[in-house]
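Asker: Sharing a structure, written as structure tokens. Questions coming.
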């Protein structure tokens, strides 16, 4: 695949997540799109950062948890909400969440 056939416009807040496949492939191979080798230190640092990002909690899970707490606090008491969060695999209620939603 050549760069000219896979260039994508990257705009907006999701731009960093929308790296064209050709660029990801070039990084993986350690070779720039013009054929020159990429410095190993650059590639290694890039891969390290991308792995750390991949290891973070999924954004969807974070959004789900926030919505559950905001809405669930209207229907469950603090103890029940905390237990249900933990049973579902999330961390329990944080002090700030307790102060905001249950005080």
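Asker: If I ask for residues that are free of Cβ contacts under 8 Å to residues at least 12 places away in the same chain and either in the same structural domain as residue 95 (by TED's automatic domain parsing) or in a loop (DSSP other than H, G, I, E, B) (or both), which ones from the range 30-51 would you list?
Answerer: Answer for the range 30-51, where residues must be free of Cβ contacts under 8 Å to residues at least 12 places away in the same chain and either in the same structural domain as residue 95 (by TED's automatic domain parsing) or in a loop (DSSP other than H, G, I, E, B) (or both): 32, 34, 35, 36, 39.
Asker: Follow-up. Considering only residues of the range 52-73 that are closer than 13 Å to residue 90 by Cα and in contact (Cβ under 8 Å) with a residue 12 or more places away in the chain, which is surrounded by the fewest Cβ atoms within 10 Å (Cβ to Cβ)?
Answerer: It comes out as 61.
Asker: Hey, another quick one. Could you please give the count of residues in the range 52-75 that are assigned to a loop (DSSP other than H, G, I, E, B) and either touching a helix residue (DSSP H, G or I) at 6+ places or on another chain (Cβ under 7 Å) or over 14 Å from residue 97 (Cβ atoms) (or both)?
Answerer: Taking the range 52-75 and keeping what is assigned to a loop (DSSP other than H, G, I, E, B), we get 56-58, 73-75.
The next check asks that each one be either touching a helix residue (DSSP H, G or I) at 6+ places or on another chain (Cβ under 7 Å) or over 14 Å from residue 97 (Cβ atoms) (or both); those that pass are 56-58, 73, 75.
Residues that pass the stated criteria total 5.
Asker: Could you please find all residues in the range 13-29 being surrounded by fewer than 11 Cβ atoms within 10 Å (Cβ to Cβ) and either at pLDDT 95 or above or part of a loop (DSSP other than H, G, I, E, B) (or both)?
Answerer: 13, 14
Asker: Is one or more of the residues making up the range 45-56 more than 13 Å from the chain's Cα centre (by Cα) and at pLDDT 95 or above?
Answerer: As a first pass, look at the range 45-56 and keep what is more than 13 Å from the chain's Cα centre (by Cα): 45-48.
So of that shortlist, the ones also at pLDDT 95 or above come out as 45.
Yes, the range 45-56 contains a residue that is more than 13 Å from the chain's Cα centre (by Cα) and at pLDDT 95 or above.
The values are calculated or read from the model by the stated rules, or taken from the named source; none is laboratory data. These numbers come from a predicted model, not from an experiment. Methodologically, a virtual Cβ is constructed for each residue, glycine included, from the backbone with ideal geometry; neighbour enumeration extends over all protein chains shown.
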